[in-house]
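Peer 1: Got a structure here, written out as structure tokens. Questions coming.
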Amino acid sequence: KRFAQQLRWENEVLPILVRPYMEYLQKSLNLSQDIKLQHDSNRTCMNAREWVLEVVVLQFGKLQKISLCVCQCQPAAVQLIKRGLFGSAPKEPTHAVDIRLLDFVD
């Protein structure tokens, strides 16, 4: 299971996160400013399989629970990285951490 998850991260998830991450870096002035993402309530997915995912988020000094409307065209990992967050799992993360906190991990 661990090997399959590693392959999913390497071959599926990380490649699709590069562009949204670079866009987030640009908007946040290289992580120096916190940006607020507007929720897109008009988004409609053509995929019939859509579900709500609850994610606990660790940010500077606080925990927060967010809900993501996840589908094949808007995976959780992409939605999280657009918010400056990195998920705990490639497909259905239950936890996410603010990417600015990852600078402190060595």
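Every number in this text was worked out from the coordinates using simple rules, so none of it is lab data. Model, not experiment: these values are computed from the prediction. Please note: Cβ atoms are built from the backbone with ideal geometry, for glycine as well, and neighbour counts cover all protein chains shown.
Peer 1: What are the ³J(HN,Hα) values, in whole Hz, obtained from phi via the Karplus relation 6.51 cos²θ - 1.76 cosθ + 1.60 with θ = phi - 60°, for each residue of segment 86-93 in sequence order, with x given for Gly and Pro?
Peer 2: Once θ is set to phi - 60°, the couplings for segment 86-93 become 10, x, 7, 9, x, 10, 10, x Hz.
Peer 1: Follow-up. If I model a spin label as a point 7 Å beyond the Cα along the Cα-Cβ vector, how far apart are those points for Lys62 and Glu23 in nm?
Peer 2: 2.5
Peer 1: Same structure again: What full-extension length gain, to one decimal in nm, is calculated for Glu10 and Leu101 as 0.36 nm per residue of separation minus the Cα-Cα distance? Walk me through the intermediate numbers first.
Peer 2: On the way: separation 91, 0.36 × 91 = 32.76 nm, distance 2.18 nm.
Full extension from Glu10 to Leu101 adds 30.6 nm.
Peer 1: Can you figure out the FRET efficiency of Leu31 with Cys69, using R₀ = 35 Å and their beta-carbon distance, to the nearest 0.05? Don't skip to the answer; put the middle values down first.
Peer 2: Numbers: r = 26 Å, r/R0 = 0.74.
The computed FRET efficiency comes out at 0.85.
Peer 1: Between Ala89 and Glu54, what length in nm is gained on full extension when 0.36 nm per residue of separation is reduced by their alpha carbon distance?
Peer 2: On the way: separation 35, 0.36 × 35 = 12.60 nm, distance 1.30 nm.
Full extension from Ala89 to Glu54 adds 11.3 nm.
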